[in-house]
Amino acid sequence: MTDPRSTEPASESVRRAMDGLVFLGAESTGPHVPATGRDAAGSAGLGPADHARHEADRLSDALAAHGRGLDSLLVLDVVHDPVLIGAEEVRAVLADVLPSGARPCLTAVPALPGALDEGNPFVLQGVSAAEPVVAGDAGRFPHSAEAGVLVAVAGQCADTDDDMVTQTDEVMDRVAGLLAAHGAGWDDAVRFDVFYRAEGTAEGWAVNARERARRFREPGPATTGIPVGSLPGRARILLRALAVRGARGLGLRSESWPAGHWDWPFHLPYKHGIGAAGTVFVGGQVSLAPDASVIDPDDLATQTATSVDNILKVAAELGLGARSVLRLVAFYRHTDAADAATVRRVVRERLGDHSCALTLVGLPYLAYERMVVEIEAELR
């Protein structure tokens, strides 16, 4: 069997694409990680344009260690302070700073105002591909793009007055259409992320969880669902996806759900971890019991330790350990600057002497009451 977009066997196309992924974070858990670059906090006090140049240079430094440039970015995430800079202004300053050949799928994620270190307006993280990035449309930051068998869909939302479920249905249709334009579908998704406006309650999370889930055939992708305080315009939900075209049909995809692992309050088709030709995507891990009750309520340090331990349990089922962690993205309830320091400290303790890329996203609340951290990961 061959991939019609390649002259090499399809299985080799998948393996080469996955081996070539580089995951970039906003900082490092150790003294030096090539996929992090210079310190994100080093631009404190700069205006938006100068800060954007600093952040672009930081990612450029990281990619140079892999013999790549910014044009290799398939995905670019902007974690921004919505009071200091809005999503559209972020896009504008990055459009001016990034080279014209860099056209990643950009998603802007609003943090809690004041939660970013040193008063920074935003930080960047991303995913770089070894193969050329081909945009799905003519936009400066396209809605979708592909690099070999990899397909990325940037964060999609609806600017309507419709309720959450109606908006969810509309945006799910849009994401499906974008995947289809690249010859992919929901079965190819390895990661599916959801950002939604809600008050940090289980009821708010459940409103559209079933609507999203009905689109997926089991076993579904790894997923992370995060409530945020704001989204652009009238949007109530923002969805994005990463897919590996053909991996399931080629037998190069595997799933992880450790025995006794935490679960949602009703059945959903997702898996805690998805492996694709040796690269593992772990959906947001939390401090919940199998009955979806919160363990160690409001205890950030202990919940962070549990979340990292859960990541390692999921990875172990797929043959990987702590030294395989490439990047962690921690969404945590931010109350003061000490919270970020707590998450960093505990992550370092759990990973030992292994360093990886790290991004911290401070938020007003998480999906369930008294749950205060959710961490997703990539490993190889």
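Among the candidates L328, L360, single out the residue that is buried (at least 24 other Cβ atoms within 10 Å of the Cβ), within 20 Å of the chain's Cα centre (by Cα) and farther than 22 Å from D19 by Cα.
L360
Among the numbered criteria (1) more than 19 Å from G136 (Cβ to Cβ); (2) open to solvent by 20 Å² or more (accessible area, probe 1.4 Å); (3) within 21 Å of the chain's Cα centre (by Cα), which one does A198 miss?
Every condition holds for A198 apart from (2).
May I ask you to list the residues in segment 203-227 that are at pLDDT below 95, buried (at least 16 other Cβ atoms within 10 Å of the Cβ), aliphatic (A, V, I, L, M) and over 14 Å from V171 (Cα atoms)?
Answer for segment 203-227, where residues must be at pLDDT below 95, buried (at least 16 other Cβ atoms within 10 Å of the Cβ), aliphatic (A, V, I, L, M) and over 14 Å from V171 (Cα atoms): just V207.
Given the residues G101, G47, G126, which is the only one that is open to solvent by less than 60 Å² (accessible area, probe 1.4 Å) and within 21 Å of V244 (Cβ to Cβ)?
Answer to the selection: G126.
Just the residues that are more than 21 Å from Q156 (Cα to Cα) and crowded, with 17+ Cβ neighbours inside 10 Å, please, taken from segment 55-83.
Answer for segment 55-83, where residues must be more than 21 Å from Q156 (Cα to Cα) and crowded, with 17+ Cβ neighbours inside 10 Å: E55, A56, R58, L59, S60, A62, L63, R68, L70, S72.
Examine segment 340-357 for a residue that is closer than 19 Å to I311 by Cα, at pLDDT 95 or above and in a strand (DSSP E or B), and state whether such a residue exists.
yes
Tell me, which residue of segment 261-289 that is over 20 Å from A322 (Cβ atoms) and not hydrophobic (A, V, I, L, M, F, W, C) is surrounded by the fewest Cβ atoms within 10 Å (Cβ to Cβ)?
So the residue we want is H267.
Please state which of the following conditions L252 fails to meet, knowing it meets all the rest: (1) more than 20 Å from L366 (Cβ to Cβ); (2) at pLDDT 95 or above; (3) in contact with a helix residue (DSSP H, G or I) (Cβ under 8 Å, 6 or more places away or on another chain).
Going through (1) more than 20 Å from L366 (Cβ to Cβ); (2) at pLDDT 95 or above; (3) in contact with a helix residue (DSSP H, G or I) (Cβ under 8 Å, 6 or more places away or on another chain) one by one, L252 breaks only (2).
Under 7 Å by Cβ, and 6 or more places apart or on different chains, what pairs join a residue from segment 230-246 that is over 17 Å from D187 (Cβ atoms) and open to solvent by 10 Å² or more (accessible area, probe 1.4 Å) with one that is of a type in the set (S, T, Y) and not in a strand (DSSP E or B)?
Every condition considered, the pairs that remain are R234/T160.
Just to be sure, is T166 within 27 Å of P113 (Cβ to Cβ), modelled with pLDDT under 95 and surrounded by fewer than 23 Cβ atoms within 10 Å (Cβ to Cβ)?
It is false that T166 is within 27 Å of P113 (Cβ to Cβ), modelled with pLDDT under 95 and surrounded by fewer than 23 Cβ atoms within 10 Å (Cβ to Cβ).
For segment 58-91, which residues satisfy the criterion of being over 13 Å from S128 (Cβ atoms) and of a type in the set (D, E)?
Within segment 58-91, D81, E88, E89 meet the criteria.
Every residue in segment 295-329 that is touching a helix residue (DSSP H, G or I) at 6+ places or on another chain (Cβ under 8 Å) and over 13 Å from E378 (Cβ atoms), please.
Correct list: I295, D296, L300, A301, T304, A305, V308, D309, L312, G321, A322.
Out of segment 179-195, which residues are farther than 24 Å from Y365 by Cβ and either open to solvent by less than 30 Å² (accessible area, probe 1.4 Å) or at pLDDT below 95 (or both)?
Residues satisfying the conditions are L179, H182, A184, G185, D188, A189, V190.
Could you give every pair whose Cβ atoms fall below 8 Å, whose first residue belongs to segment 325-336 and is closer than 16 Å to Q303 by Cβ and outside any loop (DSSP other than H, G, I, E, B), and whose second residue is open to solvent by 30 Å² or more (accessible area, probe 1.4 Å) and of a type outside the set (G, A, S), counting only separations of at least 6 or pairs across chains?
Cβ pairs passing all conditions: R333/P364; R333/Y365.
Filter segment 1-42 for residues that are polar (S, T, N, Q) and modelled with pLDDT under 60; which is least open to solvent (accessible area, probe 1.4 Å)?
Taking the candidates together, the pick is T36.
Among the residues of segment 290-310, write down those that are open to solvent by less than 30 Å² (accessible area, probe 1.4 Å), part of a helix (DSSP H, G or I) and either of a type in the set (D, E) or in contact with an Asp or Glu (Cβ under 8 Å, 6 or more places away or on another chain) (or both).
L300, Q303, A305, S307
Inspect all residues belonging to segment 368-375 and state whether any of them is in a strand (DSSP E or B), under 26 Å from P121 (Cα atoms) and open to solvent by 10 Å² or more (accessible area, probe 1.4 Å).
Checking segment 368-375: at least one residue is in a strand (DSSP E or B), under 26 Å from P121 (Cα atoms) and open to solvent by 10 Å² or more (accessible area, probe 1.4 Å).
Any residue in segment 236-246 that is over 21 Å from L179 (Cβ atoms) and among the small types (G, A, S)?
There is no residue in segment 236-246 that is over 21 Å from L179 (Cβ atoms) and among the small types (G, A, S).
The values are calculated or read from the model by the stated rules, or taken from the named source; none is laboratory data. Remember, predicted model here, so these are calculated numbers, not experimental data. Don't worry about glycine lacking a Cβ; one is built from the backbone with ideal geometry, like all the others, and counts go over all protein chains shown. Calculation scope for accessible area: heavy atoms of the full protein, side chains included, ligands and nucleic acids excluded. Shrake-Rupley method; radii C 1.70, N 1.55, O 1.52, S 1.80 Å.
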